[in-house]
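Only one structure is covered here, and it is reproduced in the block below.
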Amino acid sequence: MSEPPAAEPAEPAATDDPQRFRLLLVPGVVPASWVRTWRERVADVPLELVHAPAADAGAVLARGEADAALLRLPVDRDVLSAIPLYVETTVVVLPKDHVLTALDEVAPDDLAEETLLTPADDVLRWTDAPGEPSLLPPPATTEEAVALVASGVGLLLVPQSLARLHHRKDLTYRPLTDAPGSQAALAWLADRDGDPLVEELIGIVRGRTVNSSRGRGAAGSAPAGAERTDARTGGSGKGTAGKAASGRGATGRGGAATRGGRPSSGSGGGRGRAGGGRPGSSRGRKGR
């Protein structure tokens, strides 16, 4: 009996994956200009966008499943370094035929008799929010909460970017005054302080030029500890993003955060009250 032919040796498995940089995004964060600048400035390293719920972003970074993240504060500062970027305006999502749409912006007192929905993925963490909490089980996601608003069972408080993300034709939103905001930040593993690609992204976010003294092309990059100290204190004011907030008190914990420039209010526009005052005592539809 003839022996079977010897098996051909297998080709060696590739061990080196192409270099890439994975940037994690949480819902509502839109980094279009920064992504475009990266692809122009760091063309040899593809930027891969990955997504995760806001509550999971820190854990995803800690597991090494992303290289950096645009997320919402707070984060675990023992594990992650972070640079605060901007504080979002908080808005009220409500049906288009609701009486409060007569206002350009809503005050907490205007919500005193309204039913408020709080989804399980809420990012505001407003423990003493005005209004009456809904008796319904908490919606699992903000998207589900928005659908409930459309059904007329309550109103919803969210950062403006999430109101835009889950826009519906039968809903609108108004800015809410004297409310805590959600603060966006750039974060990365503290163990990667000083990493050249992380430095490139920090430079892009902070508005540094391509000839900056930091990043992969720097002849003498700053020590890792210097950037880490700067990042943990909210930035030293270098670049436009670092001026948005400073210190750990700007993380949006426990109360209203100071806003640096209010985004446009969408369909509401302006800051005055329509008709010179609040609507009458009729509250429109109130959730049961």
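Quick notes on this structure:
- Annotation: Asp122 fulfils all but one of (1) touching a residue at least 12 places away in the same chain (Cβ under 8 Å); (2) surrounded by fewer than 20 Cβ atoms within 10 Å (Cβ to Cβ); (3) in a loop (DSSP other than H, G, I, E, B); the unmet one is (2).
- Between Ala190, Ala163, the distinction of being under 30 Å from Ile202 (Cβ atoms), touching a residue at least 60 places away in the same chain (Cβ under 8 Å) and more than 14 Å from the chain's Cα centre (by Cα) belongs to Ala190 only.
- Here Gly64 meets each of (1) under 13 Å from the mean Cα position of the chain (by Cα); (2) exposed (fewer than 15 other Cβ atoms within 10 Å of the Cβ) with one exception, condition (1).
- Whenever a residue of the range 35-53 is under 29 Å from Thr142 (Cβ atoms), its partners that are open to solvent by 70 Å² or more (accessible area, probe 1.4 Å), lying with C-beta atoms within less than 6 angstrom and at least six residues away or across chains, give the pairs Glu48/Arg20.
- Matching residues, the range 130-151, being surrounded by fewer than 18 Cβ atoms within 10 Å (Cβ to Cβ) and either part of a loop (DSSP other than H, G, I, E, B) or in contact with a His (Cβ under 9 Å, 6 or more places away or on another chain) (or both): Leu135, Leu136, Pro137, Pro138, Ala140, Thr141, Glu143, Ala147, Ser151
- The residues in the range 178-200 that are in contact with an Asp or Glu (Cβ under 8 Å, 6 or more places away or on another chain) and closer than 14 Å to Val87 by Cβ can be counted, and the count is 4.
- Residue within the range 90-105 that is touching a residue at least 40 places away in the same chain (Cβ under 8 Å), aliphatic (A, V, I, L, M) and out of contact with any strand residue (DSSP E or B) (no Cβ under 7 Å at 6 or more places or on another chain) present: yes
- Residue count for the range 157-181, restricted to those that are within 17 Å of Ala102 (Cα to Cα) and open to solvent by less than 40 Å² (accessible area, probe 1.4 Å): 7
- Residues within the range 67-94 that are surrounded by 21 or more Cβ atoms within 10 Å (Cβ to Cβ), within 23 Å of Val158 (Cβ to Cβ) and within 16 Å of the chain's Cα centre (by Cα), tallied: 13
The values are calculated or read from the model by the stated rules, or taken from the named source; none is laboratory data. Computed from a predicted structure; not experimentally measured. Cβ atoms come from the backbone with ideal geometry, glycine included; neighbour counts cover every protein chain shown. Side chains included, ligands, DNA and RNA excluded: accessible areas come from the protein's heavy atoms. Shrake-Rupley method; radii C 1.70, N 1.55, O 1.52, S 1.80 Å.
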